[in-house]
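Have a look at this one before I ask anything.
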Amino acid sequence: MERDDLQELWRRYDAKLQTLSRFNAALVRRASLGATQTALGRLRNALCFELILDALAVFLIGGFEADHVREPAVLAAAVTVHVYAVAIVIAVVAQLVALARIDYDEPVFAIARAVDRVRLLRARAAMWTLLIAPLVWPPLAIVALRGFFGLDALAVFGLPWLVTNVATGVALLAGALVLARRYGKNLPLSSPLRRAFDSLSGSAVRAAAAELDTLVRYETAD
Amino acid sequence: MNPNRGDRQDAFLALLETNKNILFKVASAYCREPGERDDLVAEMTAALWKSFGRYDEQFRFSTWAYRICLNIAISFYRAERRRVERRSAVDAAALEIAAPEDDADERVARLEAFVAGLGDLDKALMLLYLDEHDYQSIAAILGLTLTNVATKLSRLRARAKSALRDEPAPPSEGVTDGTR
């Protein structure tokens, strides 16, 4: 089979496609009018929305800290939550910056690499967010009770309450990790719980890293 | 509507109509489910329109369109499409080689199935080759070296040859794209 032979067959396929395929004019008109968003656009919008919420949280916690600067325990809890929120903001900004560098006009493999890097960033951000969230729960509860109800949780419930909540957070995290590793693979790939389990267990990070590695090896190997 | 925008849109739609097969070929190669193909065609159309302002008319529209369509197919549909592919690979393969009218049609169907069965990266290379882009153009669209393109295409052609003759594929050499 020579090159021209394969291409000749492909021309027949092309001709067949020409007669079978009809362009959906309405769809094209809609897409060309800008009503259809690309996946990149949808992801950018979702990240912008997330950034607004996170930035608002950072702003509110900053105000809370200023108001409770003379209460060391409450302030320490607020600073912990603040650091967590700032870390999420940094992760979201890093993803938005990486997305802004993507240009469809660039060579295919360059874009694929850039998109895989965004995917890896997202997977890492999701994993760390889920891993840390149960541990941030106690300081968040302290801040919320103080902020919304004027209640000093540590003074009212005492140290055992704090220890119990920290222990519950650790137990929840450990349980979720066990479930994710043991049963995650049995769930349908499209289910949100499967995605959460993959993020938590690090499977999503490993998969994204493997995709990127495959791409780089494909580009560099002859 | 801005008249310039209207003219530009008409020009875009005319070019798109002439080159619509590029979208269909990429969508057929990368998506097995009809609904997914429609989504991908819509997504590629939107991306082409968004980038159309930067299209340089001294280059072939088809080359430019191929680059954008492959970018969309590879980068944004890779993970999601594979989820569906694992569920429906057998059904889709059966559909794609069904009901050949004659020997040539059967070979066309085999070639189509061969391309659809390739990994995402090999698929891009093979589509461009089959659509008669020269090696230099393929290297520029994909961002690979000429040597890399030539070596990989030589292996892919050998595999296509075996697939069309219904022989077992020759053993893989070097790095495949590992996305199957």
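Rule-based calculations on the coordinates, nothing more; no lab input. Only a predicted model underlies this, so the values are computations on that prediction, with no experimental measurement involved. For neighbour counting, all protein chains shown are included, and Cβ atoms are generated from backbone atoms with ideal geometry for every residue, glycine included.
With r as the distance between the Cβ atoms of residue A:128 and residue A:168 and R0 = 35 Å, compute the FRET efficiency 1/(1 + (r/R0)^6) and round to 0.05.
Efficiency, from the Cβ-Cβ distance: 0.95.
I want to make sure I understand the PRE zone here: with the label point 7 angstrom from the Cα of residue A:221 toward its beta carbon, which residues in region B:104-132 have backbone N atoms less than 16 Å away?
Within reach of a label on residue A:221, which here means backbone N under 16 Å from a point 7 Å along Cα→Cβ, region B:104-132 contributes B:119-123.
Between A:57, A:98, A:155, where does the largest GNM mean-square fluctuation fall for chain A, given springs only between Cα atoms within less than 10 Å?
Answer for the Gaussian network model of chain A: A:155.
Could I ask something else about it? Among A:157, A:49, B:24, rank each residue by its count of other Cβ atoms within 10 Å, from fewest to most, as a rough exposure measure.
A:49, A:157, B:24
Any number yet on Rg/Rh for region A:162-222, C-alpha, Kirkwood?
1.21
Can you spot the lysines whose alpha carbon is less than 18 Å from residue B:50's alpha carbon? Ignore those fewer than 8 places along the same chain.
Of all the lysines, those that pass the test against residue B:50 - Cα under 18 Å, at least 8 places apart if same chain - are B:20.
I would also like to ask the following. Rounded to the nearest angstrom and ordered from largest down, what semi-axes does the equivalent ellipsoid of region A:45-134 get from its C-alpha gyration tensor (root of 5λ)? Kindly include the intermediate steps, with their values, before the conclusion.
Details: eigenvalues 230, 35, 12 Å².
Taking √(5λ) for each Cα gyration eigenvalue gives 34, 13, 8 Å.
If you take all C-alpha pairs in region A:89-141, what percent of them are over 14 Å apart?
61 percent
Can I ask one more? For chain A, find the longest principal axis of its Cα atoms and tell me its angle to the long axis of helix A:108-149, 0 to 90°, nearest 10.
20 degrees
If I take every Cα pair under 8 Å that is 6 or more residues apart in chain A, average their sequence separation and divide by the length, what percent do I get for the relative contact order? Intermediate results must be reported in sequence, preceding the final value.
Details: 154 pairs, mean separation 41.7, N = 222.
Over chain A, the number comes to 19 percent.
Restricting attention to the alpha-carbon atoms of region A:28-221, what are Rg (one decimal) and Dmax (integer), both in Å?
Computed over the Cα atoms of region A:28-221, radius of gyration and Dmax are 20.6, 65 Å.
Determine the gain in length on full extension of the stretch residue A:11-residue A:101; use 0.36 nm per residue of separation and subtract their C-alpha separation, reporting nm with one decimal. The partial results should precede the final answer.
Values: separation 90, 0.36 × 90 = 32.40 nm, distance 3.66 nm.
Result for the pair: 28.7 nm of gain on full extension.
At 7 Å along Cα-to-Cβ for each site, give me the label-to-label distance between residue B:38 and residue A:87 in nm.
Reported label-point gap for residue B:38 and residue A:87 is 4.4 nm.
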